[in-house]
Amino acid sequence: EDQVTQSPEALRLQEGESSSLNCSYTVSGLRGLFWYRQDPGKGPEFLFTLYSAGEEKEKERLKATLTKKESFLHITAPKPEDSATYLCAVADSGGYQKVTFGTGTKLQVIP
Amino acid sequence: NAGVMQNPRHLVRRRGQEARLRCSPMKGHSHVYWYRQLPEEGLKFMVYLQKENIIDESGMPKERFSAEFPKEGPSILRIQQVVRGDSAAYFCASSPKGSEQYFGPGTRLTVT
């Protein structure tokens, strides 16, 4: 069974203080790894898909990287509006239909 | 392009009643997924559908829960004889080719 573990569970940063969120996964043949952002009371918002080790993707202050066992979401010079829960998910070689989500990292950026 | 739409956004049902949750996928998306999210827990896969077909329902409880995605109209998640443990946020997602999924705002079900 696929497993996704995210750490830390919660992270509090000062505005401008860069950091990284971790996503460790166990999967029988990675088909894709996804990062989402979820604000309170809303549905997850798609950020990135990574397909193979060594791949990197960037969007504004966010950069996602992938190795064979884990993915990192690097946040550079965060702003208060980056506060949210960040979710990691994987799809295995069985196809995209059954995606396994981690429980997320709740990020709070303080002005 | 409008996003995934779900309604109602909030639904209150008494124990034993039926709950019907609706999801309209993004235009051009033919793959629909339903998830359940409990407080402090991750999103749990329930069912994956394409038009008129259930592809994978391995995450759905065997009793009281059913889902459909008809040729015309939205996808429906139906919960019969609701119990307090069914209280949760239910999210629908859609994708164009079974790749990354785009989520709706969710329906928050409260069973009293």
Check your understanding: In the stretch B:1-42, which residues are of a type in the set (A, V, I, L, M, F, W, C), closer than 23 Å to A:A91 by Cα and within 12 Å of the chain's Cα centre (by Cα)?
Key -> B:V4, B:C23, B:V32, B:W34
Point to revise | One residue from B:M26, B:M60 being closer than 18 Å to B:L109 by Cα and surrounded by 13 or more Cβ atoms within 10 Å (Cβ to Cβ) | key: B:M60
Review point. Do any residues in the stretch B:74-101 that are over 22 Å from A:Q38 (Cα atoms) have Cβ atoms under 6 Å from those of residues that are part of a loop (DSSP other than H, G, I, E, B) and of a type in the set (D, E), where the two are at least six apart or on different chains, and which pairs are they?
Key: B:Q80/B:E18
Review point. Can A:T49 be described as hydroxyl-bearing (S, T, Y), in contact with a strand residue (DSSP E or B) (Cβ under 9 Å, 6 or more places away or on another chain) and in a strand (DSSP E or B)?
Key: yes
Review point. If you take the residues in the stretch A:66-93 that are within 14 Å of chain B (Cβ to nearest Cβ) and touching a residue at least 60 places away in the same chain (Cβ under 8 Å), which one is farthest from the chain's Cα centre (by Cα)?
Key: A:S93
**Study point:** Which numbered condition B:R78 fails, given (1) over 10 Å from the mean Cα position of the chain (by Cα); (2) surrounded by fewer than 15 Cβ atoms within 10 Å (Cβ to Cβ)
**Key:** (1)
**Study point:** Members of the stretch B:90-100 found to be part of a loop (DSSP other than H, G, I, E, B) and closer than 13 Å to B:Q50 by Cβ, listed by number
**Key:** B:P96, B:K97, B:G98
Check your understanding: For the stretch B:14-21, does any single residue satisfy the condition of being surrounded by 13 or more Cβ atoms within 10 Å (Cβ to Cβ), touching a residue at least 60 places away in the same chain (Cβ under 8 Å) and closer than 30 Å to A:Q3 by Cα?
Key -> yes
Revision key, fill the gap. Heads up, the strands (runs of 3 or more DSSP E) in the stretch B:1-89 (entirely inside) with at least 3 residues that are within 13 Å of chain A (Cβ to nearest Cβ) and touching a Cys at 6+ places or on another chain (Cβ under 8 Å) are B:31-37
Point to revise | Residues located in the stretch A:64-111, provided they are of a type in the set (S, T, Y), part of a strand (DSSP E or B) and modelled with pLDDT under 95 | key: A:T100
Review point. If you scan the stretch A:1-18, which residues turn out to be under 11 Å from the mean Cα position of the chain (by Cα) and among the small types (G, A, S)?
Key: A:S7
Exercise for review: Any residue in the stretch A:28-45 that's more than 10 Å from chain B (Cβ to nearest Cβ) and at positive phi: show its pairings with residues that are surrounded by 20 or more Cβ atoms within 10 Å (Cβ to Cβ) and outside any strand (DSSP E or B) at Cβ separation under 7 Å, as long as the two are six or more apart or on different chains.
Suggested key: none
Practice item. Considering only the stretch A:19-36, state which residues are crowded, with 20+ Cβ neighbours inside 10 Å, of a type outside the set (A, V, I, L, M, F, W, C) and under 10 Å from the mean Cα position of the chain (by Cα). Key: A:Y36
Review point. Does any residue of the stretch A:55-64 turn out to be farther than 18 Å from A:L11 by Cβ, in contact (Cβ under 8 Å) with a residue 12 or more places away in the chain and surrounded by 13 or more Cβ atoms within 10 Å (Cβ to Cβ)?
Key: no
Exercise for review: Pick out the one residue from A:K63, A:K68 that is farther than 15 Å from A:L21 by Cβ and of a type in the set (K, R).
Suggested key: A:K68
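The values are calculated or read from the model by the stated rules, or taken from the named source; none is laboratory data. What you see is a predicted model, and the numbers here were worked out from it, not measured in a lab. Counting neighbours? That spans all protein chains shown, and the Cβs are built from the backbone with ideal geometry, glycine included.
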